[in-house]
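Peer 1: Below: one structure in structure tokens.
The values are calculated or read from the model by the stated rules, or taken from the named source; none is laboratory data. No experiment lies behind these values; they were computed from the predicted model shown. Methodologically, a virtual Cβ is constructed for each residue, glycine included, from the backbone with ideal geometry; neighbour enumeration extends over all protein chains shown.
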């Protein structure tokens with residue numbers, strides 16, 4: 001039996017209205033600004049008005065020198081090795097926000113580094129970027145018998161754009177303060 005034989009023509013209209021939200025008035029509620037309970041998304045705060053990148057102040061930051069990598073037969077995890085932190089002094093603009101950008105690459109030993117990273121992130125200048133996991137079944141990494149190069153590009157930056165949901169700190173006052181690439185091989 002065909003679908004149109006099972007469903008009557010009026011059923012098609014009702015089904016289309018339900019799927020589109022029209023039967024329940026969903027589109028009218030979403031477009032009605034008078035509905036104060038309607039979620040309008042995350043607020044995008046403006047740049048910090050009293051930030052002044054021309055007035056420089058010292059900031060002591062503890063930066064990593066190596067990664068902590070753990071491998072089992074079917075998983076690979078990567079994070080900053082907190083025991084490897086060393087102190088460095090940076091000069092930061094007055095009332096500017098500091099943060100860290102990371103880009104992570106994992107590729108087989110002997111092959112060139114791919115152009116695209118596997119994982120990227122933003123965090124505070126404490127380098128608390130969390131742990132990234134890969135599983136053989138879902139991600140194809142790690143494969144048995146293969147050695148991998150793990151590279152993490154780290155950038156400490158300043159910006160006048162406050163941290164927020166889906167933060168994009170790049171703006172006219174974005175400035176790189178420190179960079180390092182951590183590179184290790186895992187068997």
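Peer 1: Do we have residue 179 as under 19 Å from the mean Cα position of the chain (by Cα) and over 24 Å from residue 45 (Cα atoms) here? It would help to see each step written out before you state the result.
Peer 2: Working: under 19 Å from the mean Cα position of the chain (by Cα): yes; over 24 Å from residue 45 (Cα atoms): yes.
Yes: the conditions hold for residue 179.
Peer 1: On to the next question. Within the set of pairs 6 or more residues apart or between chains, which connect a residue that is farther than 23 Å from residue 99 by Cβ inside the stretch 122-146 to a residue that is assigned to a helix (DSSP H, G or I) with Cβ atoms less than 7 Å apart?
Peer 2: Filtered contacts from the stretch 122-146: 142/136; 143/136.
Peer 1: Just the residues that are touching a strand residue (DSSP E or B) at 6+ places or on another chain (Cβ under 6 Å) and either modelled with pLDDT of 95 or more or in a helix (DSSP H, G or I) (or both), please, taken from the stretch 135-144.
Peer 2: First, pick out the residues of the stretch 135-144 that are touching a strand residue (DSSP E or B) at 6+ places or on another chain (Cβ under 6 Å): 135, 141-142.
Those that are touching a strand residue (DSSP E or B) at 6+ places or on another chain (Cβ under 6 Å) and either modelled with pLDDT of 95 or more or in a helix (DSSP H, G or I) (or both): 135, 142.
Peer 1: Which residues, counting only those in the stretch 58-81, are loosely packed, with under 12 Cβ neighbours inside 10 Å and assigned to a strand (DSSP E or B)?
Peer 2: Within the stretch 58-81, the first condition is being loosely packed, with under 12 Cβ neighbours inside 10 Å, and the residues that meet it are 58, 60, 72-73.
Residues satisfying the conditions are 58, 60.
Peer 1: Only one of these is farther than 28 Å from residue 174 by Cα and in contact (Cβ under 8 Å) with a residue 60 or more places away in the chain: 69, 161. Name it. Lay out the reasoning, then the answer.
Peer 2: On the way: 161 fails: farther than 28 Å from residue 174 by Cα.
That would be 69, the only listed residue that is farther than 28 Å from residue 174 by Cα and in contact (Cβ under 8 Å) with a residue 60 or more places away in the chain.
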